Each structure stands twice: as structure tokens, then as C-alpha cells.
1. For Lys69 and Ser100, what does the FRET efficiency come to when R0 = 22 Å and r is the distance between their Cβ atoms, rounded to the nearest 0.05?
2. Please identify, among Gln89, Gln34, Gln137, the residue showing maximal mean-square fluctuation in a Gaussian network model of the chain using a 10 angstrom Cα cutoff.
3. So between Gln5 and Phe80, what do we pick up on full extension, going 0.36 nm a residue minus the alpha carbon distance?
4. What FRET efficiency do you get for Asn171 and Ser149 if R0 is 25 Å and r is their Cβ-Cβ distance, rounded to the nearest 0.05?
5. Specify the residue with the greatest mean-square fluctuation among Asn110, Asn177, Asn163, computed from a Gaussian network of the chain linking alpha-carbon atoms under 10 Å apart.
6. Given labels modelled 7 Å from the Cα in the Cβ direction, how far is it in nm from Gln34 to Gln206?
7. Rounded to the nearest 5, what % of the DSSP beta bridges within the chain are antiparallel ones?
8. Any idea what the dipole of segment 2-113 comes to, in debye rounded to 20, about its Cα centre with Lys/Arg Cβ at +1 and Asp/Glu Cβ at -1?
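Every read-out reported here was derived from the displayed coordinates using simple, explicitly stated rules and does not represent laboratory data. Note that the coordinates shown come from a computational prediction; the quantities given were computed from them, not determined experimentally. Because the Cβ atoms are built from the backbone with ideal geometry, glycine has one as well, and the counts that use them run over all protein chains shown.
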Amino acid sequence: MSIFQFKYFSIKQEVAAVKVGTDAMLLGAFVAVQDTFDCLEIGTGTGVIALMLAQQNSGLHVVSLEIDKETAEEAEYNVFNSPYSSQIQVQHIDFLVYHSQKSFDVIVSNPPYFENGLLPEDPKLKTAKHIDSKVVQLWFDKIEQLLSSDGYCWLILPFNSLNEWVSMATNSNLFLNTEIRLFAKPNVIKRVIVCFSKVKKEFSSQDFLIRNEDGDFSASYIERTMEFHNRLPIR
């Protein structure tokens, strides 16, 4: 059984196409949920991000959506066997057909984004890692509908397609207010964490180094993730 052990919960990841990695680890560590109550997660996968957010705020309730049935069942298993099971509700459903009577303070996703890459043969991996730009636009339209007036949407994206994603968000009246550029090593930007809101706010930007030149995890990375696990971060 493939298990990734955190300080307060464990992640079984035999079924999910995308395993626990630095993308999910950093998104879960950077999203601000201290003063929020209702969170929607799009594409929960193993459930790791939802569990990290619940760990940070005992008053947070997370609705985690997952389009793949087996993956949703694995996420439910991980949630059920954690201390945060009362805070997280996993639903097997496509985000685009999801409906809610309430709005959300935070919407978060580690979305599929390899639009221009070669499609894998595994249909589960294809769904988890690839998304069409037309679908992205529909996502942003839906996010704008479900996000509260003073809420925030957090995503982790490939840096080389950031402008396209920001343009589509703007088309849906969502405005970029935070950008955290993630350097895989000095001078090499691979990912960026972004935060959107329905109201224009003062823009802030920062750089974050994941690995030093020698390949070891940076002190900043270790410090940012140390509340979640008590061993060296995953490679």
C-alpha cells in the first residue's frame, strides 16, 4: 500500500493519478484559511490539500469535488481516517455540474494544466493532468458564480501559461491580486501560485525558492511545510 505520512494524517495514494507532490504541498501551505468558514476544492485527488487546510483551521468546512469515482473513494478513505473527517465532505461530481445554495470564502484547486503536452493513454491520468482552454473559461465563469463577494480563489499553475489563465480569469471578472513565483532552483521558475478575487485589490508578488543550487530543499521550503510533516520534504 502506497502511503504518505503527515504529522496528523496519512494519505493512501494507490488509485489517484496524481500523487502527493510539491505542487499540492505548497498550495496547501500557502492558501490563507485562518479567518474563513466555507471552502470549495475543485479536483481533490487524494484529498491532501483539503486535509492541510482543515488542519490549519478547525472551524473550516471544505467541500471537495472529484470527477473520478475511484479517486473520490480514495479521498473519502483518507478523510475518514483523519482527525478532520467532520470538516471535509468529498463529492464525486464534475465541477461544471456542481450546484450550491451558498457561496464560498475560498475556492482552491491544483488544476489540470498540461494543455499542450502529449496526452497520456491512461484516461484517468489524462483527466487529472490535461484541460482544454474552453473548459478553463467555463471553470472561471463557475468560480465567479460560487465565490463570495469578498472571497478568494487560489490556484497553482505552470508559469509559462500564466498570462493565458489570468486573461481567462479577467474575462470572468476575477482579478489577480497575489502571485507567488515558485523557483524549482535558482533562476528556474516552474510554477506560480495565484490568488484571484471579485474585487480589484492591491497587487502583491513574491518569489519562493523550492530547491537550492545543490538540489537540497531550501530553508524556506522546509519552514513553510514543517507544520504538516516531520521529515524532509518529498522530492
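1. So, using R0 = 22 Å, E works out to roughly 0.60.
2. Gln34
3. 25.5 nm
4. 0.85
5. Asn163
6. 1.2
7. Antiparallel bridges: around 45 percent, rounded to the nearest 5.
8. Dipole magnitude for segment 2-113 comes out near 240 debye.
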